[in-house]
1. Being in a loop (DSSP other than H, G, I, E, B) and touching a helix residue (DSSP H, G or I) at 6+ places or on another chain (Cβ under 7 Å) is the filter here, so list the residues in the range 329-362 that pass it.
2. Determine which single condition residue 169 fails, assuming it passes every other condition in (1) within 19 Å of residue 305 (Cα to Cα); (2) modelled with pLDDT of 80 or more.
3. If residue 368 passes every condition in (1) modelled with pLDDT of 85 or more; (2) of a type in the set (Phe, Trp, Tyr); (3) surrounded by 12 or more Cβ atoms within 10 Å (Cβ to Cβ) but one, which one does it miss?
4. With the checklist (1) exposed (fewer than 13 other Cβ atoms within 10 Å of the Cβ); (2) modelled with pLDDT under 80; (3) not charged (D, E, K, R) in hand, flag the one item residue 105 doesn't pass.
5. When you look at residue 111, is it β-branched (Val, Ile, Thr) and modelled with pLDDT under 75, yes or no?
6. Starting from the range 329-351, take each residue that is within 29 Å of residue 68 (Cβ to Cβ) and list its partners that are at pLDDT 85 or above and surrounded by fewer than 16 Cβ atoms within 10 Å (Cβ to Cβ), counting only C-beta distances under 7 angstrom and pairs at least six apart or across chains.
7. Collect the residues in the range 274-326 that are β-branched (Val, Ile, Thr), buried (at least 16 other Cβ atoms within 10 Å of the Cβ) and at pLDDT below 75, keeping them in residue-number order.
Amino acid sequence: MRSDLPTEGLEARLAPDADEGGLDFFELLSILGSHLKLLFAAPLLAGLAAFAITYLMAPTFTATTTFLPPQQQQSAAASALAALGPLAGLASAGTIRTPADQYVSLLQSATVSDRIVDQFKLMDVYEAKFRVDARKALGANVRVAVGKKDGLITVEVDDKDPQRSAEIANRYVEELRRLTGSIAITEAQQRRLFFERQLAQTRDKLTVAQQALQASGFSQGAIKAEPKAAAEGYARLKAEVTSAEVRLQTMRGTLVDDTPEVRQQQATVAALRSQLARLEQAGDTAGGPDYVGKYREFKYQETLFELFARQYEMARVDESREGALIQVVDAATTPERKSKPKRAIVALATTLATALVLMAFVFLRHSWRQRAALAKH
């Protein structure tokens, strides 16, 4: 083995590598101290420049409105719906309890945004060529949030014009009232809308049946007590058949035909149809006058009309009880102070960011010079 190899040069080259892992605290202070003027003056000048630039920026004003969304209560007609039988499931099918988040989604909908864009001519304000661009710009300047504890909805609007920011914030509440007035959101509203449609359809059919009955020569004394009672029983049974069929259609929309619920409902419909067929056959073999059949149809439509009318009125009462009005807690007023730019925060952030960048530059340059000196040796 050769032992006469020069080890001094090798040790000298390896010695600096042991210190490359990092600098100690005093070395860091020494490096920063040698560049103290740069690290102090440059961030200060940058912060002052940022502070001065904020005076050239157009101020932004923020208007805020807070309101209480409609509160849903326990429906008073829930027990009364049992009188509908199978129709009760149809009336409540698909209804949901509306959280405040749903009202937030309505406020952020394209329908509300477009109405506000048109009313305040925001396409010109935002210098947008297309409506979708104005809608996005509006969404960037509007914040809608729900209070976790109180459930209140807050709408904040940023705008260069303080008065316009307040008007837009208040307009959001008006547009929400307009939108909720045209659609059914709450459980009572959905029931009211359902029975309103059914009532209108039944009213038209009842009018047609009444006209047909009058055209047949019917008079109040033409039907005796027994045919009248039979006709009324037939009308009630036919109304039950209609209710059961509607219920079966509703169940098939969510369940398959093999489920026990659907099979039971199919059996119920079949039994009611069988009873109805026997009554119709008995009426046909009796050879009664034509007005008896028309009277049956009239009583059937009259029974449905009374049924839907009662449920419609109860739904209207529930809708009024659950407080469908949007109650404004704090209406937006014209802001007196700007919200942006925050000059002190901008200046401080710029100063700190500049200082950090310069410190990193100083350390990197020191490290680079050290490596360059070692490379020469």
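1. Of everything in the range 329-362, those that are in a loop (DSSP other than H, G, I, E, B) and touching a helix residue (DSSP H, G or I) at 6+ places or on another chain (Cβ under 7 Å) turn out to be 331, 332, 333, 334, 335, 341.
2. Going through the list (1) within 19 Å of residue 305 (Cα to Cα); (2) modelled with pLDDT of 80 or more, residue 169 breaks only (1).
3. Among (1) modelled with pLDDT of 85 or more; (2) of a type in the set (Phe, Trp, Tyr); (3) surrounded by 12 or more Cβ atoms within 10 Å (Cβ to Cβ), the lone unmet condition for residue 368 is (3).
4. Evaluating residue 105 over (1) exposed (fewer than 13 other Cβ atoms within 10 Å of the Cβ); (2) modelled with pLDDT under 80; (3) not charged (D, E, K, R) leaves (2) as the failure.
5. On the way: β-branched (Val, Ile, Thr): yes; modelled with pLDDT under 75: no.
Taking the combined requirement at face value, the residue does not satisfy it.
6. That search, which allows pairs on different chains as well, returns 334/163.
7. Filtering the range 274-326 for residues β-branched (Val, Ile, Thr) gives 285, 292, 303, 317, 326.
Those still in the list that are buried (at least 16 other Cβ atoms within 10 Å of the Cβ) too: 292, 303, 326.
Passing the criteria: only 292.
The values are calculated or read from the model by the stated rules, or taken from the named source; none is laboratory data. Since the model is a prediction, treat every value here as computed from it, not as a measurement. All Cβ positions, even for glycine, are placed from backbone atoms using ideal geometry, and neighbour counts span all protein chains on display.
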